[in-house]
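Engineer: Here's a structure for you.
The values are calculated or read from the model by the stated rules, or taken from the named source; none is laboratory data. Given the structure is predicted, the values throughout are model-derived calculations rather than measurements. So basically every Cβ, Gly included, is an ideal-geometry build from the backbone, and we count neighbours across all protein chains shown.
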Amino acid sequence: MSKEDVKLEYKPASDHRKAYYTLRWRILSIAVVGTVGFILFLAVLLSESKDNADLLQEIRDVRYPVQESLVAAFNELEAIDSNLEHAFISSNTSLLDHSMQLAAQFRAHLHKVMVLEDKHRQDVTEILSGFDAYFGDSHALAQAIITKQMEFSESTAIKQQNAHAFNQLLDALGELQTGQSDELVNSVDAATMRASESLKTGLITGAITALLLFLIAYITTRNILQRINNMVSSLRQIAVGTGDMAVRMPLTGADEMTELAYWFNTFLEKLQRVTQESTAEVQRLAFTDTLTNLPNRRMFLRCLGAEIKRTQQTRDSAFAVLFMDLDNFKPVNDQLGHEAGDELLKAVAQRLVNTVRNTDTITNDAAQRQLSAYQPEPGQPVVARLAGDEFMMILTNINNQDQAAKIAERIRVAVMRPYMISGMECSIGVSIGICLHPEHSDNAEDLVASADMAMYEAKNHGKNTYRFFDPALREATELKVRLDNAIRLAIPNNELHLLFQPQFHLSSQKLIGAEALLRWTHPELGTFSPNDFIKRAEASGQICDLDDWVLKTVITQLREWENNNIALTDIALNFSAAQASRPNLATVVEKIAGANKHLLKHIEIEITETSAIDNIAAVESNISALKSLGIKIAMDDFGSGHSSLTLLTRCEIDKLKIDKVLSAEVKSDQKSRDVVRSIIQLASRLEVSTVAEGIEDEIQCQTLTQLNCDLGQGYFFSKPLTTTEFTRFLQKGKDGVIKAA
Ligand code: C2E
Ligand code: MG
Ligand code: MG
C-alpha cells in the first residue's frame, strides 16, 4: 500500500458519526444470533419434551390400565368358563358362587375400560351384554344340572349354544385386547420417536446457530484482524527503523476500523512530517555553527571537497583557502563578557560575508544565504566558522596570489573597523593564512592545515596581517611534530636530568641554595636547554608532566642528601605558566612529595611574572596553598616581561629575581642601575628579598651588592652543576659555611 493508493476521501467520525456503527452492529449481531439461536434451541427442546411427557402420561394412565383390565377380563372370562364347566361336571355349587365373583370382577374390569377409553364404549357394551347372556345361560344351565332339574343329555344343545357364545365373547375380547395392545405399542413407539426427533431438532438448531455464529464472527474478526495486523506490522517496522513512514492504510468502508485507519494515516502523516523536519534540523545543526549561522568545520570540509572535485572535473580556475584567527579576541571576551564576545563574533561573521559579497567572485544571494540556512552551491565562495575565533573561507576563481591578497587585505581592513558591542567601542585584528589550490595542495585536509600554518606565520609576524603558505612552513611544522613526539618519550626513556646552579648571599658570599635547571639529552639530537624545548612542551600540553618530574627529582635528591647527612639548602625550581595556574596545584605537589612532605620547606618555586599575569586568580590561590605547605615563592625574570606591581601586592612572594638582562646592564647603564635600585627598594619595602640572575663578573657583583641586592647567581659564582658536582659543593658545608670559590 502506498500513499498514492489511498484516497483520503473518508471523513472522520466527528463529522459523520452515524456512519461509523457498522462494526458495532456486526458484533452486536453475533450476540443477537447467539441468543436467538439458544432460545430457539431451548423452545424446541421444551415443547418436544412436553408432548412426550403427555404421551407417556397417557400410556401410564390410560393405555396400560386398559390393557391390564382387558388382560384381567380375558383371564376372568376363561376362569368363569372353566368354573362353570367344572361345576357342571362335578356338581360343585361353590364353583358356581366363585364364577359369580369372577363375573363381577370381569364386569368391573370392562367398566374400567369403558371409563378410561371412551372409544371402546360401544365394543365393551356389546361384550358386556353378550357376557350377560352367556353367563346367565351357562350359570342357569349348570345350576339346573346340579339341581337335577335338567338331564345332562338335554343340556348338550344348550351347552353348544353357550360354548358358541363364549367363543364369540373370547374373540371380541381378544380383538379388543389386540387392538388395545397395538395402540399401546404405537404410543410407546411414538414417544420414543418423538424423543429422538426432539433431540435431532435441538441438535440441528444448535448446529445452525453455531454455524451462523461462526460465519459472522469469522468474517468480522478476519476483517478486523487483517486491518489491525497491517497497522501493527507497519508500526513495528517503523519502530525498528525498517519501515516506510509513507505507508497508508486503505480507507474502504465506513466502520470503526476505517476510522482507526484514518487516524493511523493521519498520525503517520504527522510523524513523517515531524521526522522530516527534525531530520532536516539535525542536519542543519550538524553542519551549521549555531552562533553565527555560518557553515561549521564539517560543512566547510564538505564544501572544500566538493570544490576540489568540481575544479578537477570542470578544469575550472583555481581557488584559495583562507584561515582567519582574530587577534586578541580572548582579552576582549574576558573583559566584556562572553555575551559581548558572541556579539563580536557575529559581527565579524557578518563583515566577512559582506566583504566576500563585495568582491567580484561571489553573488549577493549566495553570500546572503550563508547567514540563513546554508546550502553550498558549487563554484560559490564559502565563509565558515571553525571554532572560537577561527574562521575559514573558500574564495573561488582565484588564479594568483595577487587576487587572493587583495581580498585578504579587504577582509583585514573590514575586521579592523571598530565595533559597538554592549554600548562600548572595541577593535580587533585578524591574522590570515592563505593557500592556493592546486598550487599548494589538492587535498582538503592539507589545504586547511596549510592555511592554518600560514595563519600562524601571520601571527608570528606581528598579527593583523596575512601570509601565504610556504612549503618551508610545512617542514617546520613537521619538525615541531617530531619534537613533540620526542619530548613525549623523554621521561619514559630517562632522557632528562637536572643541573643545579648555586645561589649566594651577595654581601657574605655564603651559599644559600641553588636553582634546579632542566636538561634533556636526546640520543640523536644531543643536549637541549629548556629554552629550546619548553615552548614546544607548553604548546603540546606536556609541560606539566615535565615540571612534575623536576619536582619529584628535586625531592628525591633532597631525600638522598638528607639520608647522607648533607646539610640541606633551599632548591629553587621553575614552574611554567600552565603548572602555576593548574587547578589544585598544592594537592598535586603534596601527592608528589608523598612521605617527604617535611622536605617541602626546602623547595622554592619560581614563577615568571608573565605567566602569573595570564591567570592571576588561579596563580594567587595556588601560591597561598603552596605557601601553607612551607614552600617559598620567587618571581622569576622580574623586569623582562609586563611587570605587574599588583602581582607583588596580591601574591605572597618571598623573592624577586631580577632578570639577567637588567643585571647585566647595571654595570654600564645608569638608567638600568636606577631601575634595579628602585626594584630593590620596592622589594625591601614589601619585605621581599631580591636575587640577581646572570651575574657574570665581579663588577656586576659589586654593583649589585652596593645596590643592596640580597642574593645572586650566575657564571661569576658557578655555572649550573651536575648533581655530583653540586653534592660535592654541599659537602664542603659540613664545616659550616660555603663561600663562593
Ligand atoms: P631562568 O629560570 O631565568 O634560569 C636561568 C637561566 O639563565 C638558565 O638557563 C641558566 O643556565 C642561565 N644562566 C645562569 N647564569 C647565567 C649567566 O651568568 N649568564 C647567562 N647568560 N645565563 C646564565 P637555562 O637553564 O637554559 O634555562 C632557561 C630558562 O628555562 C630558565 O630561565 C627557566 O625559565 C626555564 N627553565 C629551566 N628549567 C626549567 C624547568 O625545570 N621547568 C620549567 N618550566 N622551566 C625551566
Ligand atoms: Mg628560574
Ligand atoms: Mg630567570
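Engineer: Against the definition (in the same structural domain as ALA577 (by TED's automatic domain parsing), within 16 Å of ligand 3 (Cβ to nearest atom) and within 15 Å of VAL688 (Cα to Cα)), how does LYS655 come out, yes or no? Working first, answer last.
Structural biologist: Values: in the same structural domain as ALA577 (by TED's automatic domain parsing): yes; within 16 Å of ligand 3 (Cβ to nearest atom): yes; within 15 Å of VAL688 (Cα to Cα): yes.
Taking the combined requirement at face value, the residue satisfies it.
Engineer: For region 475-502: of the residues being surrounded by 18 or more Cβ atoms within 10 Å (Cβ to Cβ) and more than 16 Å from PHE533 (Cβ to Cβ), which is nearest to the chain's Cα centre (by Cα)?
Structural biologist: Among those residues, the one meeting the criterion is PHE500.
Engineer: Strands (runs of 3 or more DSSP E) wholly in region 460-527 with at least 1 residues that are within 16 Å of ligand 2 (Cβ to nearest atom) - which ones? Don't jump to the end; show me each part of the working.
Structural biologist: Working: elements: 466-468, 496-505, 511-522.
Answer list for region 460-527: 496-505, 511-522.
Engineer: Also: What are the residues in region 529-552 that are within 16 Å of ligand 2 (Cβ to nearest atom) and not aliphatic (A, V, I, L, M), if any?
Structural biologist: From region 529-552, those within 16 Å of ligand 2 (Cβ to nearest atom) are 529-535, 537-538, 543, 546-547, 550-551; that's our starting set.
Residues satisfying the conditions are SER529, PRO530, ASN531, ASP532, PHE533, LYS535, GLU538, ASP547.
Engineer: Please go through region 704-741 and give me each residue that is at pLDDT 95 or above, crowded, with 17+ Cβ neighbours inside 10 Å and in a helix (DSSP H, G or I), ordered by number.
Structural biologist: Of everything in region 704-741, those that are at pLDDT 95 or above, crowded, with 17+ Cβ neighbours inside 10 Å and in a helix (DSSP H, G or I) turn out to be LEU704, THR705, PHE726.
Engineer: Can you find a residue that is hydrophobic (A, V, I, L, M, F, W, C) and within 16 Å of ligand 2 (Cβ to nearest atom) anywhere in region 594-603?
Structural biologist: Of region 594-603, the ones hydrophobic (A, V, I, L, M, F, W, C) are 595, 599-600, 603.
Still in the running and within 16 Å of ligand 2 (Cβ to nearest atom): 603.
The answer is yes; a qualifying residue exists.
Engineer: Collect the residues in region 649-660 that are within 16 Å of ligand 2 (Cβ to nearest atom) and part of a helix (DSSP H, G or I), keeping them in residue-number order. Step through it out loud before you land on a result.
Structural biologist: Here is the first cut: in region 649-660, the residues within 16 Å of ligand 2 (Cβ to nearest atom) are 653-660.
Listed by number, the list holds a single entry, LYS660.
Engineer: Let me ask something else about it. Among the hydroxyl-bearing types (Ser, Thr, Tyr), within 16 Å of ligand 3 (Cβ to nearest atom) and assigned to a helix (DSSP H, G or I): does that describe SER663?
Structural biologist: It is true that SER663 is among the hydroxyl-bearing types (Ser, Thr, Tyr), within 16 Å of ligand 3 (Cβ to nearest atom) and assigned to a helix (DSSP H, G or I).
Engineer: Same structure, new question: For region 54-67, does any single residue satisfy the condition of being over 30 Å from THR156 (Cβ atoms), touching a helix residue (DSSP H, G or I) at 6+ places or on another chain (Cβ under 9 Å), surrounded by fewer than 13 Cβ atoms within 10 Å (Cβ to Cβ) and among the β-branched types (Val, Ile, Thr)? Can you show your working first?
Structural biologist: Step one: of region 54-67, the residues over 30 Å from THR156 (Cβ atoms) are 54-67.
Keeping just the survivors that are touching a helix residue (DSSP H, G or I) at 6+ places or on another chain (Cβ under 9 Å) gives 55-56, 58-59, 61-67.
Imposing the further condition that a residue be surrounded by fewer than 13 Cβ atoms within 10 Å (Cβ to Cβ) reduces the set to 61.
Add one more test, that the residue is among the β-branched types (Val, Ile, Thr), and what stays is none.
Checking region 54-67: not a single residue is over 30 Å from THR156 (Cβ atoms), touching a helix residue (DSSP H, G or I) at 6+ places or on another chain (Cβ under 9 Å), surrounded by fewer than 13 Cβ atoms within 10 Å (Cβ to Cβ) and among the β-branched types (Val, Ile, Thr).
Engineer: Looking at SER82, SER69, which is the one that is under 30 Å from ASP182 (Cα atoms) and touching a Lys or Arg at 6+ places or on another chain (Cβ under 8 Å)? Walk me through it before giving the result.
Structural biologist: Values: SER82 fails: touching a Lys or Arg at 6+ places or on another chain (Cβ under 8 Å).
Step by step, each of SER82, SER69 is checked, and only SER69 is under 30 Å from ASP182 (Cα atoms) and touching a Lys or Arg at 6+ places or on another chain (Cβ under 8 Å).
Engineer: Within the group ALA254, ALA261, which residue is out of contact with any Cys (no Cβ under 8 Å at 6 or more places or on another chain), of a type in the set (Gly, Ala, Ser), part of a loop (DSSP other than H, G, I, E, B) and outside the structural domain of LEU77 (by TED's automatic domain parsing)? I'd like the intermediate steps shown before the answer.
Structural biologist: On the way: ALA261 fails: part of a loop (DSSP other than H, G, I, E, B).
Testing whether each residue is out of contact with any Cys (no Cβ under 8 Å at 6 or more places or on another chain), of a type in the set (Gly, Ala, Ser), part of a loop (DSSP other than H, G, I, E, B) and outside the structural domain of LEU77 (by TED's automatic domain parsing) leaves just ALA254.
Engineer: So, of the residues in region 555-578 that are under 52 Å from the mean Cα position of the chain (by Cα) and closer than 16 Å to GLU515 by Cβ, which turns out to be farthest from ligand 1 (Cβ to nearest atom)?
Structural biologist: So the first thing to find is which residues in region 555-578 are under 52 Å from the mean Cα position of the chain (by Cα), and the list is 555-556, 573-578.
Still in the running and closer than 16 Å to GLU515 by Cβ: 555, 573-576.
Values: ILE555: 14, LEU573: 6, ASN574: 4, PHE575: 6, SER576: 4 Å.
The qualifying residue farthest from ligand 1 (Cβ to nearest atom) is ILE555.
Engineer: Assess whether ARG298 counts as being among the basic types (Lys, Arg) and under 27 Å from ILE428 (Cα atoms).
Structural biologist: Numbers: among the basic types (Lys, Arg): yes; under 27 Å from ILE428 (Cα atoms): yes.
Yes; evaluated as a whole, the condition is true for this residue.
Engineer: Let me ask something additional. Scan region 150-166 for residues that are in contact (Cβ under 8 Å) with a residue 12 or more places away in the chain and among the polar types (S, T, N, Q) and jot them down.
Structural biologist: Filtering region 150-166 down to residues in contact (Cβ under 8 Å) with a residue 12 or more places away in the chain leaves 155, 158-159, 161-162, 165-166.
Result: SER155, GLN161, ASN162.
Engineer: Of these, SER689, SER684, which one is in contact with a strand residue (DSSP E or B) (Cβ under 7 Å, 6 or more places away or on another chain), in the same structural domain as PRO502 (by TED's automatic domain parsing) and away from ligand 1 (no atom under 16 Å from the Cβ)?
Structural biologist: On the way: SER684 fails: in contact with a strand residue (DSSP E or B) (Cβ under 7 Å, 6 or more places away or on another chain).
Just a single option satisfies the conditions, and that option is SER689.
Engineer: Of the numbered conditions (1) more than 9 Å from ligand 1 (Cβ to nearest atom); (2) without any contact (Cβ under 8 Å) to a residue 60 or more places away in the chain, LEU546 satisfies every one except a single condition; which is it?
Structural biologist: Tallying (1) more than 9 Å from ligand 1 (Cβ to nearest atom); (2) without any contact (Cβ under 8 Å) to a residue 60 or more places away in the chain, LEU546 fails exactly one: (1).
Engineer: Count, please, the residues in region 633-691 that happen to be of a type in the set (S, T, N, Q) and within 20 Å of LEU573 (Cβ to Cβ). Lay out the reasoning, then the answer.
Structural biologist: Restricting attention to region 633-691, the residues satisfying the condition of being of a type in the set (S, T, N, Q) are 640, 643-644, 646, 649, 663, 668, 670, 672, 678, 681, 684, 689-690.
Right, trim to within 20 Å of LEU573 (Cβ to Cβ) and you get 640, 689-690.
Counting residues in region 633-691 that are of a type in the set (S, T, N, Q) and within 20 Å of LEU573 (Cβ to Cβ) gives 3.
Engineer: If you don't mind, there's one more thing I want to ask. Considering only residues of region 140-160 that are out of contact with any Phe, Trp or Tyr (no Cβ under 9 Å at 6 or more places or on another chain) and surrounded by 15 or more Cβ atoms within 10 Å (Cβ to Cβ), which is farthest from LEU110 (Cα to Cα)? Give the derivation first.
Structural biologist: Of region 140-160, the ones out of contact with any Phe, Trp or Tyr (no Cβ under 9 Å at 6 or more places or on another chain) are 140, 143-144, 147-151, 153-154, 156-158, 160.
In the following step, the residues that additionally are surrounded by 15 or more Cβ atoms within 10 Å (Cβ to Cβ) were identified as 143-144, 150, 158.
On the way: GLN143: 25, ALA144: 28, MET150: 32, ILE158: 26 Å.
So the residue we want is MET150.
Engineer: Give me a count of the residues in region 644-681 that are of a type in the set (Ser, Thr, Tyr), within 16 Å of ligand 1 (Cβ to nearest atom) and out of contact with any strand residue (DSSP E or B) (no Cβ under 6 Å at 6 or more places or on another chain).
Structural biologist: Here is the first cut: in region 644-681, the ones of a type in the set (Ser, Thr, Tyr) are 644, 646, 649, 663, 668, 672, 678.
The next check asks that each one be within 16 Å of ligand 1 (Cβ to nearest atom); those that pass are 663, 668, 672.
Going one step further and asking which of them are out of contact with any strand residue (DSSP E or B) (no Cβ under 6 Å at 6 or more places or on another chain), we end up with 668, 672.
Adding up the residues that qualify gives 2.
Engineer: What single numbered condition from (1) more than 16 Å from ligand 2 (Cβ to nearest atom); (2) of a type in the set (Ser, Thr, Tyr); (3) over 21 Å from VAL554 (Cα atoms); (4) more than 46 Å from the chain's Cα centre (by Cα) fails to hold for SER621?
Structural biologist: (4)
Engineer: Does at least one position in region 259-274 carry a residue that is surrounded by fewer than 17 Cβ atoms within 10 Å (Cβ to Cβ), touching a Lys or Arg at 6+ places or on another chain (Cβ under 9 Å) and among the charged types (D, E, K, R)?
Structural biologist: Scanning region 259-274, I find at least one residue that is surrounded by fewer than 17 Cβ atoms within 10 Å (Cβ to Cβ), touching a Lys or Arg at 6+ places or on another chain (Cβ under 9 Å) and among the charged types (D, E, K, R), so the answer is yes.
Engineer: Continuing with the same structure: Please find, among SER529, SER507, the residue that is loosely packed, with under 15 Cβ neighbours inside 10 Å and either at positive phi or within 16 Å of ligand 3 (Cβ to nearest atom) (or both). Show your work before the answer.
Structural biologist: Numbers: SER507 fails: either at positive phi or within 16 Å of ligand 3 (Cβ to nearest atom) (or both).
Of the residues listed, the single one that is loosely packed, with under 15 Cβ neighbours inside 10 Å and either at positive phi or within 16 Å of ligand 3 (Cβ to nearest atom) (or both) is SER529.
Engineer: Separate question: Could you run through region 628-643 and say how many residues are more than 13 Å from ligand 1 (Cβ to nearest atom) and either touching a strand residue (DSSP E or B) at 6+ places or on another chain (Cβ under 6 Å) or farther than 19 Å from ALA514 by Cα (or both)?
Structural biologist: Just the residues of region 628-643 that are more than 13 Å from ligand 1 (Cβ to nearest atom), to begin with: 628-633, 642-643.
Narrowing the set further to residues that are either touching a strand residue (DSSP E or B) at 6+ places or on another chain (Cβ under 6 Å) or farther than 19 Å from ALA514 by Cα (or both) leaves 628-629, 631-633, 642-643.
Number of matching residues: 7.
Engineer: If the Cβ limit is 8 Å and pairs must be 6+ apart or interchain, which residue in region 678-703 that is on the phi > 0 side of the Ramachandran plot and within 16 Å of ligand 2 (Cβ to nearest atom) pairs with which residue that is modelled with pLDDT of 95 or more and among the polar types (S, T, N, Q)?
Structural biologist: Matching pairs, first to second residue: GLY694/GLN713.
Engineer: I would also like to ask the following. Taking into account only those residues within region 672-697 that are hydroxyl-bearing (Ser, Thr, Tyr) and not in a strand (DSSP E or B), which is nearest to ligand 3 (Cβ to nearest atom)? So that I can check it myself, show each step before the final result.
Structural biologist: Initial filter on region 672-697 (hydroxyl-bearing (Ser, Thr, Tyr)): 672, 678, 684, 689-690.
Next, from what is left, pick out any that are not in a strand (DSSP E or B): 672, 678, 684.
Numbers: SER672: 16, SER678: 19, SER684: 20 Å.
Selected residue: SER672.
Engineer: Only one of (1) at pLDDT 95 or above; (2) closer than 11 Å to ALA320 by Cβ fails for ASN400. Which number is that?
Structural biologist: Evaluating ASN400 over (1) at pLDDT 95 or above; (2) closer than 11 Å to ALA320 by Cβ leaves (1) as the failure.
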